[in-house]
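What follows is a short report on a single structure.
Read the figures in this text as sums done on the coordinates, not as results from a lab. Quick caveat: nothing in here was measured; it's all calculated off a predicted structure. Neighbour counts run over all protein chains shown; Cβ positions are idealised from the backbone, glycine included.
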Amino acid sequence: MTKQIKQIQQGGLRRRIALGTAGARSGLGLLSSRASGLFVPKDKQQAHNDAALEREALRFVAYLGELKGAYVKIGQMLALYGEHILPKPITQALHTLEDQTSALQWDTIKPSLQQDLGESFNELEIKHDAFAAASLAQVHRATATQEGIDLALKVQYPGIAQAIDGDFDSVIAMLKLSRWLKTGREVEQFTQDLKALLKQEVNYTLELQRLQKFEELLADDPVLRVPKVYPQWSSPKCLAMEYVEGYSVTDPKVQNLSQERRNALAEAMLRLFFKEVFEWNTMQTDPNFGNFRIELDEENGDRLVLLDFGAVHDLPEKFTHPLRRAIVAAHEQQHAPLIDALIEINCLRKSDSKAVKESFAAFCCFIIEPFRTDFDDIPQHAHEGRLYVWRDSRLLRRAGKVGSKSVLLKGFVLPPQEFMLLVRKLTGVFTFVSCLGAKINSSQLIEQQR
């Protein structure tokens with residue numbers, strides 16, 4: 001059963017004082033460590049300072065975890081997207097917030113839910129214990145008693161939406177005060193974009209529309225589907241969806257499927273990515289495993305169920321058109337047109353040196369590896385003939401090593417928001433397909449973009 005707590009205090013002076021105190025303690029801890037570092041031999045001072053930064057980062061993040069609510073979600077977002085603006089020890093520490101979620105007790109959340117749903121609340125029989133919880137909401141099973149429909153209710157924590165602005169600004173202010181956050185106009189725009197993404201996640205009216213849109217787009221798909229949404233039992237703080245009895249990709253029942261069935265699910269996930277980016281121009285940007293369920297059906301075919309549409313981003317054609325050219329050029333290992341396309345989407349600048357441009361282009365050509373038709377020059381464990389072996393390829397680990405060298409050469413250039421969201425999405429998709437242990441040839445997905 002999901003761990004339960006009595007309440008999550010939202011916003012208010014007390015929480016912000018607590019956060020400021022946490023930041024001050026971390027800042028003083030760093031100053032103290034740096035002062036003591038003056039007595040450390042010069043060849044060991046960097047290691048001493050790095051250890052101090054890591055220690056204070058973990059301490060500060062622990063405070064965020066104790067404050068819960070929006071602070072946890074803000075920390076999680078900064079962990080995902082903050083690598084360009086925060087020191088590495090900070091983002092590493094923020095990743096520890098990913099599992100720090102607890103559900104509210106029923107007697108705490110019931111009054112808010114009852115007020116939001118009005119008379120329709122009485123049409124539902126709701127299980128009091130949440131079966132899933134996240135930093136902004138929790139999920140309860142319910143039954144529409146008259147219709148006999150099994151539902152999953154995504155219930156937003158009371159007061160969380162109103163707290164986001166103040167809590168987010170407090171975290172950013174603290175990071176600036178501690179000098180952990182880089183400064184400048186680009187960084188300011190980046191943090192405002194993050195806040196906008198966060199506020200979108202508590203806009204359930206918009207999410208309901210997104211659910212209906214994706215449900216319509218996938219209505220005839222044999223493998224991908226979206227649970228039916230029920231507006232009559234939904235509200236600005238509650239989403240009512242069809243309850244789906246499925247399995248996580250990590251469940252032994254999924255992991256023990258035949259190679260053919262796992263391949264089909266992996267191909268569906270990859271196909272979905274290309275549809276979102278190049279056909280629909282709208283992308284679900286949070287591909288963590290909890291947002292998917294797999295319905296097993298050996299006779300009629302397994303289905304991949306898409307559950308959460310709180311983090312959806314519309315992609316402008318001025319981004320997707322050059323992105324398409326970049327992907328095709330990377331697939332063909334053609335650096336010149338690839339560099340031109342990367343400049344158009346603001347991942348490179350015309351003024352960048354030739355070495356910088358070539359380095360980043362080489363990385364893009366590397367990451368397209370799973371979609372190639374010729375595997376002669378990639379590690380032997382990454383393919384079996386013309387089939388790419390996702391799990392054994394260790395692609396993301398190798399990409400991390402190659403990419404870190406490219407970034408060091410490239411220097412600090414803040415990529416456009418769409419590109420960062422795309423990288424996050426692609427990383428999640430690659431991880432999902434690798435977890436399935438797929439062995440497939442996906443080159444046709446690139447061929448279709450020509």
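Annotations for the structure displayed:
- The H on the amide N of THR285, modeled in the peptide plane, is under 5 Å from the matching H of ALA311, VAL312, HIS313, each at least 5 residues off or on a different chain.
- Taking θ as phi - 60° and the Karplus parameters 6.51, -1.76 and 1.60, the scalar couplings of the range 112-117 work out to 5, 5, 5, 5, 5, 7 Hz in sequence order, x denoting glycine and proline.
- Kirkwood estimate for the range 217-368, i.e. one over the average of 1/r between Cα atoms, Å: 18.1 Å
- Among the trypsin sites (Lys or Arg not before Pro) in the range 209-281, those placed in a DSSP loop whose Cβ has at most 16 other Cβ atoms within 10 Å are LYS228.
- With the simple model of a label 7 Å out from the Cα in the direction of the Cβ, ARG397 to ASP251 spans 2.8 nm.
- Loop-located trypsin sites (Lys or Arg not before Pro) in the range 135-178 (DSSP state other than H, G, I, E, B) with a sparse environment of at most 14 neighbouring Cβ atoms within 10 Å are absent.
- Between LYS199 and ALA62, the C-beta separation translates, for a Förster distance of 25 Å, into a calculated FRET efficiency of about 0.45.
- Cleavage-rule hits, trypsin sites (Lys or Arg not before Pro), the range 300-378, DSSP coil, Cβ neighbours within 10 Å at most 13: ARG349, LYS350
- FRET E, pair THR427, PHE121, Förster distance 41 Å, beta-carbon r, rounded to 0.05: 0.55
- Shape call, the range 292-361: gyration tensor on alpha carbons, a/c limit 1.5: prolate
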